[in-house]
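Where a number appears in this text, it was derived from the coordinates with a stated rule and is not lab data. This is a predicted model, so every value here is computed, not measured.
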Amino acid sequence: MSETVQESSPSPAELQTDSTENNETAKPEVSNTEALLVQEGDIAGDYLERLLDLLDYDGDIDLDVEAGRAVVSIDGGDDLEKLVGVRGQVLEALQELTRLAVQQETGVRSRLMLDVAGWRAGRRQELTELGRSTAETVLETGKETRLRPMTPFERKIIHDAVAAVDGVHSESEGEEPNRKVVVFKS
């Protein structure tokens with residue numbers, strides 16, 4: 001037995017759109033971007049969960065979207081410091097591997113940010129203070145100051161902190177991995 005489904009054409013009233021409907025059509029573009037970032041976070045979370053299982057490490061994975069990028073945090077386990085390494089070197093490598101896993105699945109390069117055991121959050125506070133105090137010292141003395149080589153993550157935080165102080169500015173110089181921030185009086 002077969003069923004016949006009859007579709008009706010929309011009425012002229014159903015074809016009319018008002019301005020609120022037009023505004024709503026703009027929203028999916030934003031939510032599509034956020035949906036893609038959530039998807040990146042989910043893929044990264046699955047990848048990291050498998051890694052933690054292989055290493056037999058305990059940890060809770062938290063997924064979020066901040067400032068136009070997926071943010072994945074791993075917290076809670078005693079062994080997680082090993083995933084940070086000296087000055088965050090293992091964390092940087094793990095973040096890159098996670099980004100590659102996301103890219104392999106989505107076909108799009110990820111800007112995902114990974115934090116383990118709150119290391120990046122703590123480091124952000126330290127670097128913000130360093131950038132602010134360096135900027136104030138340069139403002140007082142008038143002498144430019146070169147900081148030690150830093151990762152792109154660290155340099156960005158320093159630049160943001162320096163930019164918050166009037167009368168000084170910062171630039172990066174050198175080649176990776178020896179790229180450093182220089183703070184100048186304006």
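Once you have the Cα-Cα distance between ASP64 and LEU36, take 0.36 nm times their residue separation minus that, and quote the gain in nm to one decimal. The ASP64-LEU36 span can extend by a further 8.9 nm. Indicate the gyration tensor shape class of the range 122-185 (rounded, prolate or oblate), computed on the Cα atoms with a ≥ b ≥ c the square roots of the eigenvalues: a/c under 1.5 is rounded; otherwise a/b larger than b/c is prolate and the rest oblate. It is oblate, given that a/c is not under 1.5 and a/b is not larger than b/c.
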